[in-house]
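J.: Got a structure for you, questions after.
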Amino acid sequence: MATEAKLRDDLDTRLRDAPRGGFTQAARVAARARLLAMGLPGRRDEYWRFTDPAELNAALPVAAEDPVAEAPLSADGALALRFDGGRAGPVPAAPAGCDIGLLGAADASDIHWAGSIYGTLEASGQMPVKRPFAALNTVTATEGLLLRVTSGKPVVQVEYGVGSRDSDTYLHHCIRVAEGAELTLIEAGRAGARSNIVIEVDLAPGARFHHIRAQGRDADRRTITHIFARISAGASFKSFTYGENGRLTRNEAILDIVGDHAVAHVAGVALGNGAVQPVLQDDTVFITHGAVGCESRQVYKKVLRNGATGVFQGKILVKPGAQKTDGYQISQSLLLDEDSQFLAKPELEIYADDVKCSHGSTTGAIDETALFYLRSRGVGKDRATALLVLSFLADAIAEIEDPALADQIVARLEDWLGLGEAE
Amino acid sequence: MLKIQNLHVKLEAEDKPILKGLDLTVETGKVHAIMGPNGSGKSTLSYVLSGRDGYEVTQGSAELDGVDLLSQEPEERATEGLFLAFQYPVEIPGVGNMTFLRTALNAQRKARGEAELSAGDFLKLVREKARALKIDAEMLKRPVNVGFSGGEKKRNEILQMAVLEPKMCILDETDSGLDVDAMKLVADGVNALRAPDRAFLVITHYQRLLDHIRPDVVHIMADGRIIKTGGPELALEVEQNGYADLLAEAK
């Protein structure tokens, strides 16, 4: 167990080389002050009881094995770019209505639209729950996408590579989608031996944002991500994350619905097999309803075996006056053996009287009757189990709107389940 | 075809004997019916033959064409040609009926050393079978049994039977939950599958299913054994007089 002093030394080491200057300077200084005030988390912090932050707290990452090679998620006509160990590849030429820039390149310039986003959504997302790794990211990130869509429906496809076996990667993406515009963001792969990715998304009234993320099938991954979104009236935010294995994966979504009749959906499928290395898959969600007639939806499913651990912490906060809120939350796990565990903390906090909010959380095993039904038709036990896993995940997969991307996710899923080749 | 000798079975969990020395032989090409009151062990017999967990065979044997069934896994028994039509077919959301059927058929073909069917060939086969059974192709596109009516679920069982082409079919209270019209449709499906190289064991409470699926032999089961065997007239006798007389006679 690291002491306070040790944590502080580690933090000092990590902050020493933080970038200075440019349009992000003020945000970095403010984030540094926030971070030093809150410190790094320990197991006694309310939102870190289930997930040990030690490997995220350490000054240096543990060298990781190379990731398993796999085809990137792709979409026709997508604008593709790569980050390897935090270094950006060439920026594709963007069509009219879409600006793609890089944090690393833009850092020296004084005026930039991203200046009003960088660190701002992160800062407002620190209340009421502290998110120190997001603040750390704002201080230290050297690279990231600056993506602004003013018209049209571009698709941007980001592929990550680790760069080196001990890369400690901080990426910070700023996104703004203007009124009536639409953006699809695809992310795939592992960004570093240890990686910390923050995405800040600002949606203007009526803007639409789709996010599909696949976090790689490799076991030796330590990742923390945060998505902070500000969702204006009539806007739509939809995010889906697919993850396999990984030593420590924590995905946080902090969604602030500020305009009436807006929609926020987050969903995830995580598959954990702890046979080779320990696996921990953590989804932590905080959705704030601050406007009238908005809908939020959280659908998370986990399949765990061989000692894998799944964590879900999901909160819906309905502020005073946020009437006609429709909030839905479900988190379910399928445990394929008795060694695995699922730890769930669903929370509702409601200060308006005309709202509909529901939450449910279940942990279960494979249904024996269904398994027997499939086997009685000649399907072997392993394959029958795999089909029932697909069945369990079906309504989370259904959250992916684009059928071509859903097919790619299902293909990865079938591959993990060993259903791939025989089909 | 199916030969059961002195079969004794108890519930694993409760140490409660259910089958108590059951003997039954079903010949190739024949339809046998088993009737009996509630709790006589009819459904247990179908589960034990198909390999469901939770039962312990303490004595006796069951063979399909000379192959010992009781030592095999459920999928191995299916590959040997055994098929159980469930009393309550299971709903499997998110798995398409076609995927399910093709997975099952190809698993059996592979286990028998036969070539697996391509998606195209399989589609052709299923459409042909569905047409013969007057089953709407729309049903094939839906997830397995999800949102199906009672009648549709039972017809889906018959479709599976038609596609998998088993040699020994057990129908476990296929008439339960069906209205008269639905029962007739299901019975028509079964009758269409009657063949010289295929046998049926029809388990039912009531005689009315046997009006539509005419059995060659009727067995009365009570307290874990076959207590009487006869022709189709035995079913009529039960319908008119109930089981009381037969049970008294057996004692």
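The values are calculated or read from the model by the stated rules, or taken from the named source; none is laboratory data. No experiment lies behind these values; they were computed from the predicted model shown. As a convention, Cβ positions derive from the backbone with ideal geometry for all residues, glycine included, and neighbour counts pool all protein chains shown. The accessibility values were calculated without ligands, DNA or RNA, using every heavy atom of the protein model including side chains. Shrake-Rupley method; radii C 1.70, N 1.55, O 1.52, S 1.80 Å.
J.: Give me Rg over Rh for the protein assembly as shown, both radii from the alpha carbons and Rh done the Kirkwood way, two decimal places.
T.: Working: Rg = 30.7 Å, Rh = 28.2 Å.
In the protein assembly as shown, Rg relative to Rh is 1.09.
J.: Give me Rg/Rg_expected for segment B:2-250, where Rg uses Cα atoms only and Rg_expected = 2.2 N^0.38 Å with N residues. Provide the component values of the computation, followed by the final result.
T.: Details: Rg = 18.0 Å, N = 249, 2.2 N^0.38 = 17.9 Å.
Computed over Cα atoms of segment B:2-250, the ratio equals 1.00.
J.: Calculate the all-directions average of the projected area of segment A:1-98's alpha-carbon convex hull, and give it in nm². Kindly include the intermediate steps, with their values, before the conclusion.
T.: Numbers: hull surface 42.1 nm².
That works out to 10.5 nm².
J.: Points 7 angstrom from Cα along the Cβ direction at A:VAL129 and A:LEU36: gap in nanometres?
T.: 2.8 nm
J.: Can you sort A:TYR160, B:TYR55 by solvent-accessible area, 1.4 Å probe, largest first? Show your work: numbers first, answer last.
T.: Working: A:TYR160 20, B:TYR55 50 Å².
In descending accessible area the options line up as B:TYR55, A:TYR160.
J.: From largest accessible area down, sort B:LEU123, B:LEU24; use a 1.4 Å probe on the protein chains. Before the final figure, lay out the partial values.
T.: Details: B:LEU123 60, B:LEU24 5 Å².
I get B:LEU123, B:LEU24, largest accessible area first.
J.: Something else now. List the relative contact order of segment A:99-255 as a percent without decimals, with contacts defined as Cα pairs under 8 Å and 6+ residues apart. Write down the numbers at each step before the final one.
T.: Values: 386 pairs, mean separation 31.8, N = 157.
Relative CO of segment A:99-255 lands at 20 percent.
J.: Could you give log10 I(q)/I(0) at q = 0.06, 0.10, 0.12, 0.15 Å⁻¹ for segment A:4-365, computed by the Debye formula over C-alpha point scatterers of equal weight, without solvent?
T.: Calculated log10 I(q)/I(0) at the listed q: -0.20, -0.58, -0.86, -1.41.
J.: I would also like to ask the following. How large is the direction-averaged shadow of the alpha-carbon convex hull of segment B:117-221, in nm²?
T.: On the way: hull surface 28.9 nm².
Orientation-averaged projected area of the Cα hull: 7.2 nm².
J.: Let me ask something additional. At a threshold of 8 angstrom on Cα-Cα distance, excluding pairs fewer than six apart, so keeping six or more, what relative contact order does chain B reach in percent? Don't jump to the answer; show the numbers that get you there.
T.: On the way: 450 pairs, mean separation 72.4, N = 251.
Relative contact order here is 29 percent.
J.: Let me ask something additional. Quick check on packing: order B:99-110, B:56-67, A:195-206 by the mean number of other C-beta atoms within 10 Å, highest mean leading. Present the calculation step by step, with values, prior to reporting the outcome.
T.: On the way: B:99-110: 21.0, B:56-67: 14.6, A:195-206: 24.6.
For the peptides B:99-110, B:56-67, A:195-206, the packing ranking is A:195-206, B:99-110, B:56-67.
J.: Follow-up question, since we're still on this one. Helix A:381-397: angle to the longest alpha-carbon principal axis of chain A, degrees 0 to 90, nearest 10?
T.: 40 degrees
J.: To continue, here is another question. Counting helices only, and only those DSSP H runs with n ≥ 4, report the 222 nm mean residue ellipticity of chain A as the sum of -39,500 (n - 2.57) divided by its residues, in deg cm²/dmol to the nearest 500. Show your work: numbers first, answer last.
T.: On the way: 9 runs with 89 residues, N = 423.
Helices in chain A give a 222 nm mean residue ellipticity of -6000 deg cm²/dmol.
J.: Helix B:97-111: angle to the longest alpha-carbon principal axis of chain B, degrees 0 to 90, nearest 10?
T.: Its long axis makes an angle of about 80 degrees.
J.: Can you work out the accessible area per residue across the protein assembly as shown, with the rest of the protein chains kept in place, probe 1.4 Å, in square angstrom? Provide the component values of the computation, followed by the final result.
T.: Values: 26600 Å² over 674 residues.
So the protein assembly as shown comes to 39 Å² accessible per residue, rounded to a whole number.
J.: Let me see the P(r) profile for segment B:51-136: every Cα-Cα distance counted, bins of 5 Å, each bin given as a percent of all pairs.
T.: Histogramming segment B:51-136 at 5 Å steps yields 3, 11, 16, 21, 21, 13, 10, 4, 2, 0 percent.
J.: Averaged over its residues, how many other protein chain Cβ atoms are within 10 Å of peptide B:93-106's Cβ atoms?
T.: Numbers: counts 5, 12, 7, 1, 0, 0, 4, 6, 1, 1, 12, 9, 3, 4.
Mean number of neighbouring Cβ atoms from other chains: 5.
J.: What number results when the radius of gyration of segment A:367-423, computed over Cα atoms, is divided by 2.2 N^0.38 Å?
T.: Numbers: Rg = 12.3 Å, N = 57, 2.2 N^0.38 = 10.2 Å.
Normalised Rg, Cα atoms only: 1.20.
J.: Counting pairwise Cα distances across segment B:38-84, what percent come out greater than 18 angstrom? Before the final figure, lay out the partial values.
T.: Working: 259 of 1081 pairs.
The calculated P(r) of segment B:38-84 puts 24 percent of pairs beyond 18 Å.
J.: Restricted to Cα positions, what overall size does segment B:1-69 have along the principal axes? Three whole-Å values, descending.
T.: 37, 27, 19
J.: Using Cα atoms only, what is the angle between the long axis of helix B:150-164 and the major principal axis of chain B, expressed in degrees (0 to 90) to the nearest 10?
T.: Between the helix axis and the principal axis of chain B, the angle is about 80 degrees.
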